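*Asks:* Sharing a structure below in structure tokens format, with a few things to ask.
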Amino acid sequence: AKTFGFYLARIDIRQESTVHTEAVADILSHLGIQADYEQLDEEQRLQLLGELLSESPRLPQRENLQPMTREVLAVFDVVAELQHCVSPLVIGRYVISMAHHASDVMHVMYLASLAGLCGQQEGEFVCRIGASPLFETINDLAHIEPVMTRLLDDPVYRRLLQAADNRQEVMLGYSDSAKDGGIVASVWNLYQAQQKVVALGLERGVPIRLFHGRGGTIGRGGGPTHQAITSQPAGTLLGHIKFTEQGEVLSNKYGNRETAVFELTVGLTGTILASVGLVDEVTPDKEVYAEIMEQLRATGERTYRQLTEETEGFLDYFYEATPVSEIGLLNIGSRPSHRKQKDRSKYSVRAIAWVFGWAQARQTLPAWYGLGSTLEAFCEADPGNLKKLRKLHRDWPFFRALLSNT
């Protein structure tokens, strides 16, 4: 109780960005503020949301709203109630999955303001909930810099951030990015995204805490904890790290006292080692590292997409050769196996079901497909390239971790 307060551990909330967009559009339509909110462009949305957060909130008649809108608002009501009855610290962050735009974060801020959790109150900005955008696809990871720049440069959002702890948490999706573009493109885009967003925060005086959405299996960002932490980009770990521990590995990591102490110890020592940038200058990566990885990424992603998106019958094979449909019938997951039921596209099947399906069929394709082709092509392109790869493996923890995991 002394360590955690009278609630054991903080709870994070998670919901998909489109749900918030539709909820905001529903509310503004019923309030008579904006009839066609979803038709507005990004700048118009941010302008309107900034204005709404700077004034006293107007509450709609909830019985007239869509059922999903009422459910979203009810979640914020529960957050406010728990903060009041239990502790202001009982709720951690509100994670926005499939975040694509700065407005995705501002939607959460506006919805939270309707429950009194943030906004302008009695002439001052208050904020009792933090939003963490989750960048999941290859495209979203590649565009993390302009999205976070627009968000951190928004004057209303900055005032809300300052009213909280002035720390921005950003979540990175390992599972979906690997499902989307393959393991090579995933790990490299994640690496670059970390560099970009941490540098952006330092420029603006906003500490960035990276939240790694890693799974237990390699295709979902898994691997040895210590190696995973120490292979992060130099200077991006600033004494803070947060990562998910998936259900399938909880028992073997934390099932008894000895393994739990070991796992926490390797995590702690890894974080200390990787946070040396707080007290000393770190050596940046050599430019040639990025040049080589960019070539490997391009080939790896192209190879992966050719199989998973352009090969006729591939998805039929996936559904017939793996028990993914049966996995979807098991009531053991936190989310359904597909984003849209009866949609058998690669986009619709969730990364968890995607990885578990291949694993149960003993074809761990998400963990390796595309890497062999790209290494082979790189070596064949120039007789000296094999020597370059060996040097990369010897000198660069990131590349060493990639090959070791695969």
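*Asks:* Those residues that are of a type in the set (S, T, N, Q) and either closer than 22 Å to Ile138 by Cα or touching a helix residue (DSSP H, G or I) at 6+ places or on another chain (Cβ under 8 Å) (or both), I need them from the range 335-353; list them, please.
*Replies:* Ser337, Ser345, Ser348
*Asks:* Enumerate the pairs (first residue in the range 285-298 and at pLDDT 95 or above and β-branched (Val, Ile, Thr); second residue anywhere and open to solvent by 50 Å² or more (accessible area, probe 1.4 Å) and in a helix (DSSP H, G or I)) with beta-carbon separation below 7 Å, excluding pairs fewer than 6 apart on the same chain, so at least 6 apart or on different chains.
*Replies:* So the pair list comes out as Ile292/Lys388.
*Asks:* Test Ser231 against the stated conditions and say whether it is at negative phi, crowded, with 22+ Cβ neighbours inside 10 Å and polar (S, T, N, Q).
*Replies:* Here the answer is yes, as Ser231 does meet what is asked.
*Asks:* Is one or more of the residues making up the range 377-387 of a type in the set (Gly, Ala, Ser) and loosely packed, with under 14 Cβ neighbours inside 10 Å?
*Replies:* yes
*Asks:* Here is a list: Glu263, Glu248, Glu258. Which entry is closer than 23 Å to Gly357 by Cα and not hydroxyl-bearing (Ser, Thr, Tyr)?
*Replies:* Testing whether each residue is closer than 23 Å to Gly357 by Cα and not hydroxyl-bearing (Ser, Thr, Tyr) leaves just Glu248.
*Asks:* Tell me yes or no: at least one residue of the range 58-70 is open to solvent by less than 50 Å² (accessible area, probe 1.4 Å), within 20 Å of Val147 (Cα to Cα) and not in a helix (DSSP H, G or I).
*Replies:* no
*Asks:* Here is a check on your reading of the model: is Gly270 small (Gly, Ala, Ser), in contact with a helix residue (DSSP H, G or I) (Cβ under 7 Å, 6 or more places away or on another chain) and over 19 Å from Ala228 (Cα atoms)?
*Replies:* Criteria not met by Gly270.
*Asks:* Looking at the structure I just gave you, is Gln227 modelled with pLDDT under 85, polar (S, T, N, Q) and more than 16 Å from the chain's Cα centre (by Cα)?
*Replies:* Yes, satisfied.
*Asks:* What are the residues in the range 326-360 that are under 18 Å from Ile183 (Cβ atoms), part of a loop (DSSP other than H, G, I, E, B) and more than 18 Å from the chain's Cα centre (by Cα), if any?
*Replies:* Answer for the range 326-360, where residues must be under 18 Å from Ile183 (Cβ atoms), part of a loop (DSSP other than H, G, I, E, B) and more than 18 Å from the chain's Cα centre (by Cα): just Lys346.
*Asks:* Here are some conditions: (1) within 22 Å of the chain's Cα centre (by Cα); (2) not in a helix (DSSP H, G or I). Asp285 meets all but one. Which one does it not meet?
*Replies:* Exception for Asp285: condition (1).
*Asks:* Can you tell me which of Glu245, Glu309 is closer than 30 Å to Cys379 by Cα and surrounded by fewer than 17 Cβ atoms within 10 Å (Cβ to Cβ)?
*Replies:* The conditions single out Glu309.
*Asks:* Among the residues of the range 337-346, write down those that are open to solvent by less than 40 Å² (accessible area, probe 1.4 Å), more than 14 Å from Phe356 (Cβ to Cβ) and either modelled with pLDDT of 90 or more or of a type outside the set (S, T, N, Q) (or both).
*Replies:* Lys346, the sole residue that qualifies.
*Asks:* Just to be sure I understand, how many residues within the range 79-117 are assigned to a helix (DSSP H, G or I) and within 13 Å of Arg128 (Cα to Cα)?
*Replies:* Total satisfying the criteria: 12.
*Asks:* Name the single residue that is surrounded by the most Cβ atoms within 10 Å (Cβ to Cβ) among those in the range 312-336 being among the hydroxyl-bearing types (Ser, Thr, Tyr) and closer than 19 Å to Ala367 by Cα.
*Replies:* Restricting to residues being among the hydroxyl-bearing types (Ser, Thr, Tyr) and closer than 19 Å to Ala367 by Cα, the top hit is Thr322.
*Asks:* Within the range 248-288, track down each residue that is among the basic types (Lys, Arg) and exposed (fewer than 12 other Cβ atoms within 10 Å of the Cβ).
*Replies:* Correct list: Arg257 only.
*Asks:* Let me ask something else. Taking into account only those residues within the range 245-260 that are more than 21 Å from Ile272 (Cβ to Cβ) and polar (S, T, N, Q), which is farthest from the chain's Cα centre (by Cα)?
*Replies:* Across the range 245-260, the extreme among qualifying residues is Asn256.
*Asks:* Quick check on my filter: what residues within the range 384-406 are more than 30 Å from the chain's Cα centre (by Cα) and of a type outside the set (A, V, I, L, M)?
*Replies:* Once the filter is applied, which keeps residues that are more than 30 Å from the chain's Cα centre (by Cα) and of a type outside the set (A, V, I, L, M), the range 384-406 yields Gly384, Asn385, Lys387, Lys388, Arg390, Lys391.
*Asks:* Still on this model: Quick one: how many residues across the range 108-118 are buried (at least 24 other Cβ atoms within 10 Å of the Cβ) and either touching a Lys or Arg at 6+ places or on another chain (Cβ under 9 Å) or modelled with pLDDT under 95 (or both)?
*Replies:* 2
The values are calculated or read from the model by the stated rules, or taken from the named source; none is laboratory data. Quantities reported herein were computed from a predicted structural model and do not represent experimental measurements. Positions of Cβ are backbone-derived with ideal geometry, glycine not excepted, and every protein chain shown enters the neighbour counts. Heads up: the accessible areas ignore ligands, DNA and RNA and are worked out on the full protein's heavy atoms, side chains in. Shrake-Rupley method; radii C 1.70, N 1.55, O 1.52, S 1.80 Å.
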